[in-house]
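Structure first, commentary second.
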């Protein structure tokens, strides 16, 4: 019996040893898993400790049942060795993952936190969402719906003017030169008033329209809640049908009562008033001062160009009120984020101008005067179409004269006027310095400058889109959308600039011969082409930053920064043109555009002014 008991005990002991060895193997595997999966370390460690405690209690119970001292000593030695192995495994599991693994995790965590804090800096907001540059989401569609019609509308006018010039060129070289001078005078005078008027109108109308829509939504939600409560009370009290119908009709939100209610936007009315007044002033100024201005432009009294130039400028000036009024209304529609209506009106007007030109010039034999009359008719046609559409959407009679906020318009408009003068002075000075270098330099500079400015039309479309969306977002205090919009339009603009650079590098290898056959002029154009192409991304960013600043109503910064940029650029123009000639002019203009882009980047990147929310 003793032998059988001993054999059974040995079998039990062998089974326990195998179990313990199995546990050791299992713990070893678990240790390897702990090295790979740090997140489950605490749970595994706890399970190891529990298994060890259970084995300790089992071993103590077994020791009490042993009948042999030698067997007991052997089991204790084995268990002691097993315990040492498990302690070693626990020590490795504690030291290596915790000390080495956790130190790596802490280092990675520190780097992650640093990158996250850097990403939250205002400077890096411009680089957020780069994967979504061309994403067809709601913001992308909104930008495209505003930018594309704007770019097409801005492109339509130069094309129509080119066709207009082609008709006039068939009259004679004297008439063509005379009209060229008159158009330059008219555009220069108009530009002073047009740019501030359109930019300020777009921002103010977008802000006011967004504010009105918010108040209407709040009123409607309140009315709907009140209507629900009153209707419940009416059902409980069983009011008579007449009273019930009256109550229900009075509680219907205003947006549901009439589908053709016109918006009350005092800023739109103010823009039309200011545009009309400025147009009349410009017309009177150009009509009565046409001859002195032309003399100042180099058209002498005995020049054969004086008579046709004066005729064209005087008649063209009659359309100044229509031009400024239509541009003010374009600003209103841009504020509504509707750029399709102005595009349609402009296309109709330009087509009318192209049709009327040959009729008045050749059939009616009115010459230069006929060209001017055709252009004036087309401008009034555009104004009437826009006014008809605007009257259907907006109540142009404000509740009171104080609602027009003329002072606010004039204050911000005067700031942008200073900015326009600073911009115009830089470009005009560059042209003047090119003219001093000779006719060859001037001809090459003019070709490069026209290409340089023509490519900005696409960026202007993005600038208008950014301005309209940002003005609405700031009015609604939707700072998330404001930051996303600024990032998106800048990123799209940068890509657009890079594409334009590549296109110009390829196209301008052959295009200069379309402008001139003079070898010397072509040689200088070849010198200017690299600057025209390489600066396209910088130009696009600079123009879009302008739209962003206007959308944030940051007109003061736009004016002051441009004055500072102009002063620095003027100094560069004088120094570089005298030391490097023609190429120095384009180096200076490249610096000028880079400083413009840097000024916009600095404003947002530092989280100053209206972008202070980026630092919160």
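Read-outs throughout are calculated quantities, based only on the coordinates presented, and are distinct from any laboratory measurement. If you're wondering where the values come from, they're calculated on a predicted model, not measured in any experiment. Don't worry about glycine lacking a Cβ; one is built from the backbone with ideal geometry, like all the others, and counts go over all protein chains shown.
Sort 519, 489, 506 so the one with the fewest other Cβ atoms within 10 Å of its own Cβ comes first. Before the final figure, lay out the partial values.
Details: 519 8, 489 31, 506 11.
Fewest-to-most Cβ neighbours within 10 Å comes out as 519, 506, 489.
Assuming R0 = 22 Å, what is the FRET efficiency of residue 291 and residue 192, from their Cβ-Cβ distance, to the nearest 0.05? Mind dumping the intermediate values first?
On the way: r = 20 Å, r/R0 = 0.93.
Result of the calculation: an efficiency of 0.60.
How do 576-583, 296-303 rank on mean C-beta neighbours within 10 Å, highest first? Let's see the in-between values first.
On the way: 576-583: 16.4, 296-303: 11.9.
Put in order of decreasing packing, that is 576-583, 296-303.
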If you count, for each residue, the other Cβ atoms within 10 Å and average over each peptide, how do 539-548, 470-479, 445-454, 314-323 line up from highest to lowest?
539-548, 314-323, 470-479, 445-454
Computed from the beta carbon distance with a Förster radius of 35 Å, FRET efficiency for residue 517 and residue 138 to the nearest 0.05 stands at 0.10
For residue 212 and residue 351, compute 0.36 nm times the residue count separating them, minus their Cα-Cα distance, and round to one decimal in nm.
46.4 nm
Ordering of 399-412, 592-605 by packing [mean C-beta count within 10 Å, highest first]
592-605, 399-412
